[in-house]
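Asker: Provided herewith is a single structure, encoded as structure tokens, for subsequent inquiry.
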Amino acid sequence: MADARVLVAGIGNLFLGDDGFGVEVAQLLLRRHSLPPGVKVVDFGIRGYDVAYEMLNDYAATVLVDATPRGDAPGTVYVIEPDLDADVPDPSTMPDHGQGAFQGHAMTPAAVFALVRTLGGTPRRVLIVGCEPESFGDENIGQMGLTETVQRAVATGADTVEQMVRDVLAPEPAVAMREGAPHA
């Protein structure tokens, strides 16, 4: 069972509008009680360091849930599996704004992966469930809560996480289908 453990990490800032998507999905999953044993759901908020330290616990997979601007319609839910070899920056190349290379309030998933490596860990598998934001509260500093569009996507995000967890925890088929063998 040690290899079947999964971390679901809700990340984001509730005070920046749709950036709170990951937090809302994590809270919904915790209320649903729908995930099997071996799955840990945590609302990390903006605590990127805590996510990195938790990832050191050698989970079979980590599912990060976050607002993910990619240019599609607001409320679009994405599933991304980053290439952890290609998509992780070298910590020495990350910007330093007088706080060191790792800044707790500006920890992107890539920065979290880099911190895990800096701490001596290696994420085994990472999946990202993201949602296209409509607003990060830029117009109204301190805007709490999701826009209606992204709020409607929270249930889809939670359903997507549940399906991904089921897929990750599914046992490998005992006998592989041979080419040309009939389907049962």
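The values are calculated or read from the model by the stated rules, or taken from the named source; none is laboratory data. A quick note: this is a predicted structure, and the numbers were derived from the prediction, not measured. Neighbour counts run over all protein chains shown; Cβ positions are idealised from the backbone, glycine included.
Asker: Please work out which one of (1) buried (at least 16 other Cβ atoms within 10 Å of the Cβ); (2) modelled with pLDDT under 85 is the condition I141 fails and give its number.
Answerer: (1)
Asker: Having 3 or more residues that are surrounded by fewer than 17 Cβ atoms within 10 Å (Cβ to Cβ) and either at pLDDT 95 or above or on the phi < 0 side of the Ramachandran plot (or both) is the bar; report the strands (runs of 3 or more DSSP E) wholly within region 19-114 that clear it.
Answerer: Qualifying strands (runs of 3 or more DSSP E): 77-80.
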